[in-house]
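The values are calculated or read from the model by the stated rules, or taken from the named source; none is laboratory data. Fair warning: this is a prediction, and the values are worked out from it, not measured in the lab. Here the Cβ positions follow ideal geometry from the backbone for every residue, glycine too, while neighbour counts run over all protein chains shown. Please note that ligands, DNA and RNA were not included when accessible areas were found on the heavy atoms of the full protein model with its side chains. Shrake-Rupley method; radii C 1.70, N 1.55, O 1.52, S 1.80 Å.
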Amino acid sequence: MRVALVTGAGRGIGRAIARRLSAEGCRVALVARNREQLDETAAECAGQVHVIPADVTDADAAERVHGEVEQRWGPVEILVANAGAGHSARLERTTDADWQRMLDLNLTAPFRFVRRSVPSMRAAGWGRIVVMASTAARLGEPYIAAYTASKHGVLGLVRAAAAELARTGVTVNAVCPGYVDTPMTEQTIATIVATTGRSAAEARETLARKQPIGRLIQPDEVAEAVWFCVRSGAVTGQAIQVDGGAEQ
Ligand SMILES: NC(=O)c1ccc[n+]([C@@H]2O[C@H](COP(=O)([O-])OP(=O)(O)OC[C@H]3O[C@@H](n4cnc5c(N)ncnc54)[C@H](OP(=O)(O)O)[C@@H]3O)[C@@H](O)[C@H]2O)c1
């Protein structure tokens, strides 16, 4: 029974990933700040789960969380660094604090969790690392410079780590979703409503049309791509797009 760790498992994409890994027979450690949401995720999982409330931007979070998992089940074999958030503002209104917050949460925190997971995976000769990126890891769009830079950074981390670990049995991949039907997208919709005066339904439709398939991506569809990365030993260093055909 593989030991998995999912950050950002309290809702949205992370919850769907936790559910999927659990359904596939993994023991799953669930990390986010909000304990109630983690408990809700745990209730939806089929097998053994362990809730670890933590802020992944704390400098010692990776050490503490991995330590707790190791004590309970042994080393993490599957790491899904999914916790993240967006930020939207014109470039000239993006403050140093906005910029730093995006880098801390979306890039530095995954780096620390990846770094902490590598020694035991290398020693075991098997490991799977998946970092949640975004279409914003590959393309530039207006008003999300800090988010875009952080997600482009994620791809750099993933590609370099995959190259370094290529002969160790450890794969490292990024999953790049388009707009997914989650609380994060609800927030994007609220921002569009507040800044443009459009209705929530219109804003949702605008985001749905960003995918050529004409709808939002479902969290389970992103979890499917994560599970593909876990199953394959031959796919590494990739940015797997789950974007309804947006980038071809
Ligand atoms: N939704 C989309 O359209 C979309 C598209 C492309 C990529 N993504 C990426 O997919 C990932 C998940 O997005 P989502 O849509 O599922 O977002 P979401 O619904 O807002 O869920 C985010 C999860 O991350 C956790 N989190 C946030 N900050 C954290 C922190 N400092 N420490 C620990 N956990 C933290 C949240 O829990 P707490 O707040 O309780 O900590 C929550 O469980 C993110 O990396 C996001 O950038 C999303």
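For Thr195, indicate whether it is away from the ligand (no atom under 12 Å from the Cβ) and in contact with a Cys (Cβ under 9 Å, 6 or more places away or on another chain). Even if it seems obvious, please write down each step before you answer.
Values: away from the ligand (no atom under 12 Å from the Cβ): yes; in contact with a Cys (Cβ under 9 Å, 6 or more places away or on another chain): no.
For Thr195, the condition - away from the ligand (no atom under 12 Å from the Cβ) and in contact with a Cys (Cβ under 9 Å, 6 or more places away or on another chain) - is not met.
Considering segment 161-189, the residues that are more than 10 Å from the ligand (Cβ to nearest atom) and open to solvent by 60 Å² or more (accessible area, probe 1.4 Å) include one that is nearest to Ala136 (Cα to Cα), namely Ala163. Restricting attention to segment 65-72, does a residue exist that is open to solvent by less than 20 Å² (accessible area, probe 1.4 Å), assigned by TED's automatic domain parsing to the domain that holds Gly8, within 10 Å of the ligand (Cβ to nearest atom) and touching a residue at least 24 places away in the same chain (Cβ under 8 Å)? The answer is yes; a qualifying residue exists.
Could you please find all residues in segment 86-98 being within 16 Å of Glu141 (Cα to Cα) and either open to solvent by less than 40 Å² (accessible area, probe 1.4 Å) or touching a helix residue (DSSP H, G or I) at 6+ places or on another chain (Cβ under 7 Å) (or both)? Even if it seems obvious, please write down each step before you answer.
From segment 86-98, those within 16 Å of Glu141 (Cα to Cα) are 86-94; that's our starting set.
Of everything in segment 86-98, those that are within 16 Å of Glu141 (Cα to Cα) and either open to solvent by less than 40 Å² (accessible area, probe 1.4 Å) or touching a helix residue (DSSP H, G or I) at 6+ places or on another chain (Cβ under 7 Å) (or both) turn out to be Gly86, His87, Ser88, Ala89, Leu91, Thr94.
Within segment 194-247, being free of Cβ contacts under 8 Å to residues at least 12 places away in the same chain and outside any loop (DSSP other than H, G, I, E, B) holds for Ala194, Thr195, Thr196, Ala200, Ala201, Glu202, Glu205, Arg209, Arg231.
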